[in-house]
Amino acid sequence: MRLTLKVRENLTATTAALIAELRGPGTVTAAAVGVANETRDWFAGLEQTRPNKMGFPRSHFWSDVRGSVQNPQLSGDQAATVAITHVGIRQRLEGGKIVPLKGEYLTIPANAQAYSHLAREFHNLHFGFAENRYGGLSPALIENTSQEFTVGRKKKDGTRTVKPGRERGGEVFFWLVRQVYQPADPSVLPPEERLVGAVEKAVGGYARNLIARAKGAAASVASAPEVP
Amino acid sequence: MDLSLIAPFEEALKALAARDVLPTALDSQGLRQLGAGFHRQNFTSSQTLLTDLLDEYKSGIEAILNPTTGVSKDRETAQNPEGFVTVGRNAAQVRLAAKQLLQDLGYTAAPGEQGTIKDLSSNARINLVIQTNKDISQGAGWFIQSQDPAALDAFPAQELVRIEGRKEPRDWRLRWEQALAAAGDAPGIAAFQASGRMIARKDSGVWQALGDGAGGYDDSLGNPFPPFAFQSGMGVRDIGYDEALALNLIQAGEAVRPQLPADLASLFGMN
């Protein structure tokens, strides 16, 4: 999918005039880098403001997305593409149904230990049914129960005292579901007015830099001593 | 202007591809002494002699950096009528593959090291390898892309910023001051004193000094681009011409020159 921003129609007259004066790939690059930077800043903001809803330790998803935003690639002198090369962003943006690629179930993490992990990383889980938050029973991967033991010091007769400790396990690690529907969320990308603002700022700065450079060059030519 | 969800991150992939897998018995301190140029040409991990494991990491990180686009009827929505789906690997899948490989190889951690960073099969170790190498590849790719002359004219400076929170963040303001001093970046020092922000020209030596751990830090990665140090959580953001001018980092109309380490310049034909 491509999200095309028709920034040209929304620019102020001043910036449009500058662009007309400074036509060429440099201006397009400057504008597109402005878009890339605004997009990165937007994802940095999401990293700060959107922790996972379950309160599990951060996986830094939005920081990862930010790191995948590339600087623009020009296509001709008039257009550029800013790419976001991340496996998860399309699903967040466009939503849709998720079904398992292999097997019957998707695994939904149910605790902090499971979050950001695959079920196959654990060797101590078994299939079962557990009470979900609505009071019903749902299929789940549940931690095996185990008994802790405390082994005492070696006695004179060579034996040790073994005391049973607490019993562990029984905790739900993953809920198993056949499919998930995720709603589209266009707010994961910056709104168009912010991108247009970023283009104007970037092109404006670029133009002022080049104009100042041109003026400086002209002044240095004017003040250069005459060659006899 | 297009925002695309499909184009590969070619510079990041090329920076990763340029690194040959090299098993080594050196620890992290020994590896650090070999310098950043060595690490930009070799894919290593501290005290890892298992070539298969390094190969697995490298191919896994490549798959993270280079997702592809497929089509699935399940994914058809009003926003995505074609049913496009991004296909690639995430860190958890790469971690699982590494764990399975180590299990197949019969690897067991040394007594007393299970679960620690020295245990090649621990989450902490595997996550560190994946995250660091992914971040370095993306950092290199972004750094290369930012050397475009027009990009430098529009955005001649950059700011060191925290991207990811940390439970015990390192003192990056102190590190910044030490790096500025090491680089002798007078405009950067003045900008820091005036604004309190960690901003410098893109051609300042402060970025390399930061990557070199100026001030005596042993966690740095040797590169003039993020993440600068292991699990730093730090990144950079571009600063535009007008702001750089206001901070007296550049003069009106001044051009900032591309600054590339020789090996990267050679790799990307930017000599």
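Data for the structure
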| item | result |
| --- | --- |
| A:His123 accessible area, 1.4 Å probe, all protein chains in place, Å² to nearest 10 | 150 Å² |
| Phi-based couplings in Hz for the stretch B:203-219 (Karplus 6.51, -1.76, 1.60; Gly and Pro marked x) | 9, 6, x, 5, 5, 5, 4, 4, x, 7, x, 3, x, x, 8, 9, 9 |
| Within chain B, percent of DSSP bridges classed antiparallel, to nearest 5 | 90 percent |
| Amide H partners (placed H, <5 Å) of B:Val21, local residues excluded | B:Phe43 |
| Cα-projected label distance for B:Leu260 with B:Gln103, points at 7 Å along beta-carbon direction, nm | 4.4 nm |
| MRE, 222 nm, helices only [DSSP H, n ≥ 4, -39500 (n - 2.57), over chain B, to nearest 500] | -12500 deg cm²/dmol |
| Estimated FRET transfer efficiency (B:Met270, B:Phe38; beta-carbon r; R0 25 Å; 0.05) | 0.80 |
| Measure of compaction for the stretch B:18-156 (Cα Rg per 2.2 N^0.38 Å) | 1.30 |
| Candidates B:Asp20, B:Asp148, B:Asp238, ranked by Gaussian network fluctuation over chain B, Cα under 10 Å, top entry | B:Asp148 |
| Those lysines that a straight Cα-Cα span of less than 23 Å connects to A:Lys215, excepting residues fewer than 8 apart in one chain | A:Lys201 |
| Reachable lysines, given that their alpha-carbon falls under 27 Å from the alpha-carbon of A:Lys155 and they are not under 8 places away in the same chain | A:Lys163 |
| Inter-label distance for B:Ala186 and A:Arg178, nm, one decimal - labels placed 7 Å from Cα along Cα-to-Cβ | 7.4 nm |
| Diffusion constant of the stretch A:106-169 at 37 °C, which comes from Stokes-Einstein with the Kirkwood Cα-pair radius and 0.692 mPa s, µm²/s | 223 µm²/s |
| Cut-off under 5 Å, modelled amide H: who pairs with A:Ala130 long-range | A:Ser138, A:Ala140 |
| Cα-based radius of gyration of the protein assembly as shown once divided by 2.2 N^0.38 Å, which approximates compact folds | 1.12 |
| Whole-Hz couplings from phi, Karplus 6.51/-1.76/1.60, listed for the stretch A:83-99; x for Gly and Pro | 9, 10, 9, 9, 5, x, 6, 4, 4, 5, 6, 9, x, x, 7, 10, 10 |
| Extension gain from B:Arg197 to B:Arg173, taking 0.36 nm per residue of separation minus the Cα-Cα distance | 7.8 nm |
| HN-Hα J in Hz across the stretch A:48-64 - Karplus 6.51, -1.76, 1.60, θ = phi - 60°, x for Gly and Pro | 7, 9, 10, x, 5, 5, 8, x, 6, x, 5, 9, 6, 4, 6, 5, 4 |
| Convex hull of the stretch B:119-271 built on C-alpha atoms - directionally averaged projected area, nm² | 9.7 nm² |
| Rounded to the nearest 10 Å², the accessible area of A:Arg178 at probe 1.4 Å | 130 Å² |
| Viscosity 1.567 mPa s, temperature 4 °C, Stokes-Einstein D of the stretch B:181-271 from Kirkwood C-alpha radius, µm²/s | 91 µm²/s |
| Cα gyration tensor shape of chain B, rounded if a/c is under 1.5, else prolate or oblate by comparing a/b with b/c | oblate |
| Rough spin-label spacing in nm, given labels placed 7 Å along Cα→Cβ, for A:Arg23 and A:Asn124 | 7.0 nm |
| Proximal lysines relative to B:Lys73, as straight alpha-carbon distance under 17 Å, when same-chain residues fewer than 8 apart are discounted | A:Lys97, A:Lys102 |
| B:Gln259 long-range amide H proximity, modeled H, under 5 Å | none |
| Accessible-area composition of the stretch B:1-121, carbon plus sulfur, in percent [1.4 Å probe] | 50 percent |
| Net charge contributed by nearby residues that have their C-beta within less than 9 Å of A:Gln70 (K/R +1, D/E -1) | -2 |
| A versus B: buried accessible surface, summed, Å² (probe 1.4 Å, to nearest 100) | 5400 Å² |
| Cβ-derived FRET efficiency at R0 56 Å, A:Thr159 paired with B:Ala246, nearest 0.05 | 0.10 |
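The values are calculated or read from the model by the stated rules, or taken from the named source; none is laboratory data. Because the structure is predicted, anything quoted here is derived from the model rather than measured. Virtual Cβ from ideal backbone geometry, glycine too; neighbours counted across all protein chains shown. The accessibility values were calculated without ligands, DNA or RNA, using every heavy atom of the protein model including side chains. Shrake-Rupley method; radii C 1.70, N 1.55, O 1.52, S 1.80 Å.
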